[in-house]
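Below you'll find the structure, written out as structure tokens, and then a few comments.
The values are calculated or read from the model by the stated rules, or taken from the named source; none is laboratory data. For clarity, every value in this text was computed on a predicted model and none was experimentally measured. We place every Cβ from the backbone using ideal geometry, glycine too, and count neighbours over all the protein chains shown. Accessible surface is based on the protein model in full, side chains and every heavy atom, while ligands, DNA and RNA are left aside. Shrake-Rupley method; radii C 1.70, N 1.55, O 1.52, S 1.80 Å.
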Amino acid sequence: MTSLLVFAGSTRQQSFNRRLARVAADLGREAGAQVTLLELGDLDIPLYNADLEARGTPVDVLRLKEVLHAHPAWIICSPEYNGSYTALLKNTIDWASSPIKGDPLWQDGTLPFRGKVVGMLSASPGALGGLRSQSHLAPLLTNLECWLAPKAFALGQAGSAFDDQGALVQETQRERVRAVVDQVLWAAQRLQA
Ligand SMILES: Cc1cc2nc3c(=O)[nH]c(=O)nc-3n(C[C@H](O)[C@H](O)[C@H](O)COP(=O)(O)O)c2cc1C
């Protein structure tokens, strides 16, 4: 059984990307994966500052590194701010990739990322669905030696895309999310073999 990690780059209560993450997590479970839905808002992680880090890596950064490392397959739901991904997502990735000097495992900053198969999703009230955030996120993840799934999906007009239960109204959109999740699991299984 493949372990799938799903998280969104937003902590907003009514976040479209958190809703999309829940849809992706459900589809992962339907596909037989063991799914962890990570809420970045549950982690107590400050804005990255090397002076702060020199005084000791925050406990929740260690938790973050462990959870990333433990999952070979990821789905990231990326909101779009000013044509790019959010500061939250960047801060999370920066902390997770920062080497911890002298630590036998985490002195390798790339370790939590290397070899992960990542599917990108995004959601926005706009017509492009946050697609431009994906185009910025992709090289960052590739730089950290992630393998990006060729399939991705950007959910436009997200304000009317979900019903009251958080399900996607249009079946075709749910199938687009499923295609990304399935491809990520397919590739992760083969990379692990
Ligand atoms: C500072 C800022 C910049 C934004 N820039 C964009 C943008 O470039 N493209 C876009 O589609 N939406 C943009 N938005 C709107 C977000 O897509 C919208 O707030 C969305 O709900 C954020 O994702 P979330 O619902 O998961 O929190 C921006 C929002 C903020 C606060």
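Tell me which strands (runs of 3 or more DSSP E) are completely within region 1-88 and hold 2 or more residues being open to solvent by 20 Å² or more (accessible area, probe 1.4 Å) and at pLDDT 95 or above, or say none if there are none.
In region 1-88, the matching strands (runs of 3 or more DSSP E) lie at 34-38.
What tally of residues in region 119-137 results from selecting those that are in a helix (DSSP H, G or I) and either under 13 Å from Leu68 (Cβ atoms) or open to solvent by 20 Å² or more (accessible area, probe 1.4 Å) (or both)?
So the count comes out to 4.
Only one residue in Lys151, Lys101, Lys116 is under 15 Å from the mean Cα position of the chain (by Cα) and open to solvent by 90 Å² or more (accessible area, probe 1.4 Å), so which one is that?
Just a single option satisfies the conditions, and that option is Lys151.
Those residues that are in a loop (DSSP other than H, G, I, E, B) and under 15 Å from Pro125 (Cβ atoms), I need them from region 148-178; list them, please.
Within region 148-178, Gly156, Gln157, Ala161, Val169 qualify.
Kindly provide the set of residues from region 1-25 that are under 15 Å from the mean Cα position of the chain (by Cα) and away from the ligand (no atom under 16 Å from the Cβ), ordered by number.
Passing the criteria: Ser3, Leu4, Leu5.
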